[in-house]
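The values are calculated or read from the model by the stated rules, or taken from the named source; none is laboratory data. Everything quoted here is computed from the prediction, not taken from an experiment. In this analysis, Cβ positions are derived from the backbone assuming ideal geometry, glycine residues included, and neighbour counts consider all displayed protein chains. The protein model used for the area step is the full one, side chains on, heavy atoms only, and it has no ligands, DNA or RNA in it. Shrake-Rupley method; radii C 1.70, N 1.55, O 1.52, S 1.80 Å.
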Amino acid sequence: MKADVLVVGSGIAGCAAALAAAREGADVLVVTKATEPEDAASDWAQGGIAVTQSAPAEFAADIRRASDDTADPEAVETLVSESRAVVEDVLLDTLGVEFDASADGASVGDPDAGDADDFDLAREAGHSSRRILHVDASTGAHVLRPFLNHLSARDGVRVVDGAMALDLLTEEGTVRGATVLADGDVEPVFAGATVLATGGIGDCYARSTNPAGATGDGVAMAALAGATVSDMQYVQFHPTAYDPGTDPRADDDARPFLVSEAVRGEGATLRDADGRRFMPDVHEDAGLAPRDVVARAVSRARDRTGRVVLDVSDLDFREEFPGLAALCDDRGVDPDAGIPVAPSEHFLCGGVAVDDRGRTSLSRLFAAGECARTGVHGANRLASTSLLEGLVWGVRAGGTAADRGRGEAETVEYAPPRDSDPALPDAFADTKFDRLGRTMDEFVGIERTPDGLDTARARLRRLKGEVDAYARTRVSRPVYELRNACVSSLLVARAAADAPSAGCHSLVDPDGREGGEGGEGSDDAEQGVTPSADD
C-alpha cells in the first residue's frame, strides 16, 4: 500500500494533519487503532479550546507562567498568533462546530456571530481571563466527531481503523512509511511523508484520564527509529479526577472520570476531609493555580487527611455542567455532598521533538499532538491548550508533509516482523501492564525521589527485557502496545532522573522537600534516546 502522506492516529492532531494534507492535493492514508471516536483522547476533552481574544500578550504570558517559565517563546508565539484563524477556518467554517453561545443567544455556528463576545467564554486554572470556547464540558466530542465525518466524506483521504502501526520503515535515516497490523496481517505502507499523531502515555500509569490504548506508540516508534525525544520527564497530572476509592456512596463498579477545571473556574472549591479549603494557603490563585501546583496540593491533602472533595455548592452544577452531572448519576455520586477527587495522569508535555512545522530529526517524519514536543508547554501545560496545539501543529505538519511527500512514496526493502511462536494468553499483557502501572504510580508519579527513580528504572529494564523476548517472535497489538509503553516509561524515568525539578516534574528528597537537582546527565532529556533492554 502507498500514500503521499501517512497519518498515524485519528485524534484532533491527526485529523488536522489529514485535512491540511488533502487540501494540498496529497493522497492521504489515516491509520488508527480507534474503531469509535471515544477511543481517542481528543473525544474525552472536557474543558474547551483557548483562543486569543483582544490581549494576545496576556494569553502568551499565561502559557509561559503555567510552564514554570520553561515554554519556548517562539512556539508560544506560533500557537497564540494562529489560534483564532485556525479555529475559525477549521472548526467554525469547515466543521460548523456550535460552541456554547453567550446570554444574548448568538451561536458560534451563526454567520453573524463572529465576535468573541458572542461566545460563552470560560476560564480555567492558570488563565488570567475568560478565553475558552466550549460545548458544555464535552468539547472534544463535539469537535472530533464532525471532524471524522468530514474526513470520511472527503476525496483524497482513506481511513483504516482498528489498525496499528508497529514500526517505522527507514532507509538511511529517512522514514519511508510504517509496517501496519490490520485484520491479523502485517503489511508495509510506503509513504512520501509520515505524520505521527498517536496521543499520550496514559496506559503507562495505573490511574489515568486517557482512554485505553494510550500506550505511547508514536514516541516509542520514533525513539526506536532514532528520532530525538525531549522533555519526557514532564508528565502532567490532572488535579481532579473522580476518586471512587474515597467515596462511601459510590457503586461497587464505579470508574474514575475527569472533572473539568472549568468547574473550578465557575466557583467550585477544593476541601480536605476536615472541610477546610487548603488551596488559599498554597497559592494566591487558590484552586485556579497552575495544574502542577494544584495536583501536588491535592495529593498532599489526601495523604494528610485521607480525602479531598470538590465542593460545587456555590454553583448550579446540574444546569451549568449537565454532562458531568450525568456522569455522577451514572456512578451513584451525589455532587451536593462534594465530589471526591484525586490527581490522575493526564498529559505528556514532552515527546518527539519537532520544529514549528512538525518536522522531527528524521527526514520525512513529522509529529503533532500529545506525542510531539513542540515547546509550547515546557514543564507544565496550561489548561485548554492541548486541542489548540493539536489543531495548530496538525495543520502545519500536514501541509508541510504534503509538500514533502506528494508523489514521493517509494517501495523499500524491509524485514517483516517474525510471528513464529504461539499467541500469548490475554492475561499476559494485563499482568505486565499491571506491573508497569504500579511501578510508574509509585516511583514516577506526582512527586519523585532519586532513589525511587533508580528503583523504577531497574524494574522497567527488567520488564522491558521480558517483553522484548516475547515481541521478537510474536506479532499482536497487546504485545506491541506493551513494548511501546515500556519504552515510553523508560524514557520518562530516565529523563526524570537526569533533570532538575520544574513544573510537573517534582524531584524531592526522602523527607518530601522539593528542589532536587537531578543527576549529572541532565542534558540527556534533550538528546535522542533509543532505549535498549538494559536501560
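Val160 falls short on exactly one of the conditions (1) of a type in the set (A, V, I, L, M, F, W, C); (2) in contact with a Gly (Cβ under 9 Å, 6 or more places away or on another chain); (3) open to solvent by 40 Å² or more (accessible area, probe 1.4 Å), and that condition is (2). Condition check: touching a Leu at 6+ places or on another chain (Cβ under 9 Å) and surrounded by fewer than 24 Cβ atoms within 10 Å (Cβ to Cβ). Does Glu187 satisfy that? Answer is yes for this residue. Please specify each residue of segment 204-229 satisfying the condition of being open to solvent by 20 Å² or more (accessible area, probe 1.4 Å) and not in a loop (DSSP other than H, G, I, E, B). Scanning segment 204-229 gives Ser208, Leu224, Ala225, Thr228.
Per this entry, Met232 is counted among residues that are assigned to a loop (DSSP other than H, G, I, E, B) and at pLDDT 95 or above.
May I ask you to verify whether Ala499 is surrounded by 17 or more Cβ atoms within 10 Å (Cβ to Cβ) and at pLDDT 60 or above? Write out each step before concluding.
Details: surrounded by 17 or more Cβ atoms within 10 Å (Cβ to Cβ): yes; at pLDDT 60 or above: yes.
Yes; evaluated as a whole, the condition is true for this residue.
Across segment 342-380, the qualifying residues are those that are open to solvent by 10 Å² or more (accessible area, probe 1.4 Å) and of a type in the set (D, E, K, R), and the one among them that is nearest to the chain's Cα centre (by Cα) is Glu370. Only residues that are under 21 Å from Val135 (Cα atoms), small (Gly, Ala, Ser) and surrounded by 14 or more Cβ atoms within 10 Å (Cβ to Cβ) were counted across segment 51-100, and they come to 1. For segment 190-203, taking the residues that are touching a helix residue (DSSP H, G or I) at 6+ places or on another chain (Cβ under 6 Å) and over 25 Å from Glu410 (Cβ atoms), the one that is most open to solvent (accessible area, probe 1.4 Å) is identified as Asp203. Screening segment 416-474 for residues that are in contact (Cβ under 8 Å) with a residue 60 or more places away in the chain, part of a loop (DSSP other than H, G, I, E, B) and not acidic (Asp, Glu) and picking the one that is surrounded by the fewest Cβ atoms within 10 Å (Cβ to Cβ) gives Pro416. All conditions but one from (1) assigned to a helix (DSSP H, G or I); (2) surrounded by fewer than 24 Cβ atoms within 10 Å (Cβ to Cβ) apply to Val309; the one that does not is (1). For segment 18-39, taking the residues that are farther than 13 Å from Gly156 by Cβ and of a type in the set (A, V, I, L, M), the one that is modelled with the highest pLDDT is identified as Val31.
Looking at Gly275, Gly267, which one is surrounded by fewer than 22 Cβ atoms within 10 Å (Cβ to Cβ) and within 20 Å of Ile132 (Cα to Cα)?
Only one candidate qualifies: Gly267.
Do you know which of the residues in segment 323-345 that are charged (D, E, K, R) and assigned to a loop (DSSP other than H, G, I, E, B) is modelled with the highest pLDDT? Looking at residues that are charged (D, E, K, R) and assigned to a loop (DSSP other than H, G, I, E, B), I get Asp334.
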